[in-house]
Structure formats: C-alpha cells, structure tokens
Amino acid sequence: MGIMEGVMIVGLVVVFMIVVTIMANLYQKCGPNEAMVISGRGKPKIIVGGGTILIPMLEQKDMLSLEVMPIEVQSNAPMITGNGVPIYVKGVAQIKVDGDPVSIKTAAEQFLGKDGAEIRMVAHETLMGHLRAIMGTMTVEELIGNFDSFADRVAEVSIKDLAKMGLTVVSFTIKEISDDVGYLDALGKKQTAEAKRAAAIGEAEATRDTQIAQAAATRDAQIAQ
C-alpha cells in the first residue's frame, strides 16, 4: 500500500467519523413519557418514545410532558350548596396530556413553552368551575352521603372541557369538606343523637320482646301443670 493510498484511507475514516458525529448530534429522541414536537417545515411532526433527525436552521423541537400531574383542588372562598350552606371543599385531581396524536397536537397548541404550573392552573380553574356548579345542586347531606358520586360527576363534566385543551382527568377524589358556620358540627351532633335514640329504641324493643317471650313461656308452663 502506497503512502497516498494510506492517506486516502485515513482521510475517509476521518470523514466517516465526522459524518457519524454530525448525524448523532442531529438525531433527537424522547422517552415514552414525553412528546417531541418538531416544527418549522410544513405540519408539525409529533414523536412519542422515539427519535428523528432534526435539520438545523429549518426545524426546531419542543418537548411536552405526558406524565400525570397532581392538582390540589380547593377554593379560598366558600361555595354555596343546594340548601344554601357555605362549604369549603378540598380535593385532589390527577390530570395529564392525553396520549393520542390529536390530543397531543391540541395540548401543544395550548401549552407548548409553558411549564407544568401553568397547565395545573388552567386545569384547576376548569375543575373548580364545575365543582362549584355541581355543588350548587346538592345539599350538604347529599354531599356527605356520597363523596365518590360527587367526585365522579365533577370529573365527568370536566373531561369535556379539558379535552378541548388536550388534557384528561385520570382521577378526582374529595378529601374533606368544612364550614365556618357550624352546620357540619350541628349535623354531626344530630346524627349522633339520632343514632343513640335508635339504639335506645332497639334496646327497649329487645327487652320488651324478651319479657313477652318469658311471660308466654310461664303461661304455657302453668297451663301444662
């Protein structure tokens, strides 16, 4: 092998390594819990859990998280129930960008370049609006009687509005309710008194039934004698 041939081989190897390095730097990838939005040439391209070549100067990438985001749902002002009682409600919701291409594209149009706090704030206001509206149709007693049903209703109606932003509700749970007018405390005392009264009535009825049974047994014994 001549000197010139050796130089050419070395040169080709160097060029090959340079090309590989450039391609490696141009190749962009993302994990399964995030979406990569490539824009700049025609329609945006969305990639989830994969990669693509990014053309410098012509294309740019933006990342959109697909992870679940917890939200503390609560209001600083009381909400009025169907029977006119001002109630504070605390709940927790789990939301995320829905995983289908249409939802990811919609969420990218709404939230690309914004952080998780801004997405949480928008979702929080949506949930609070529906929570307040539904609470206005229920009494305190109905609310206490079935937290799960109330939470399910809030989630169901909120999903439609959140879907317009590419979001979905994974779960929504009511943690507690409270008031500062003493209604819940009075209601608790009333329920306790009713429970004690029902227990006392049950005990009296049981005693009566026992006495009647004993009297009948005594009468039967006397007749037998």
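Readers should treat all values here as calculations from the given coordinates under stated rules, not as data from a laboratory. These numbers come from a predicted model, not from an experiment. Cβ coordinates were reconstructed from backbone atoms using ideal geometry, including for glycine residues, and neighbour counts include every protein chain displayed.
Just a few scattered comments:
- For the pair Asn83 and Glu125 in one chain, pulling the backbone fully straight at 0.36 nm per residue adds 12.7 nm over the alpha carbon distance.
- From the largest down, the range 29-135 spans 61, 22, 20 angstrom on the principal axes of its Cα atoms.
- Dipole of the range 48-138, positive end: most advanced residue of Gly99, Leu64, Met128 [Cβ charges, Cα centre]: Met128
- Label-point separation in nm, Leu112 to Asn76, each point 7 Å along Cα→Cβ: 3.5
- Amide H contacts of Asp98 (H built 1.01 Å from N, under 5 Å, at least 5 apart or other chain): Leu167, Thr168
- Computed from backbone phi, the HN-Hα couplings of the range 66-74 come to 10, 6, 6, 10, x, 10, 7, 9, 7 Hz, rounded to whole numbers (Karplus: 6.51 cos²θ - 1.76 cosθ + 1.60, θ = phi - 60°; Gly and Pro given as x).
- Rounded to the nearest 20 debye, dipole of the range 47-184 from Cβ charges on Lys, Arg, Asp, Glu: 220
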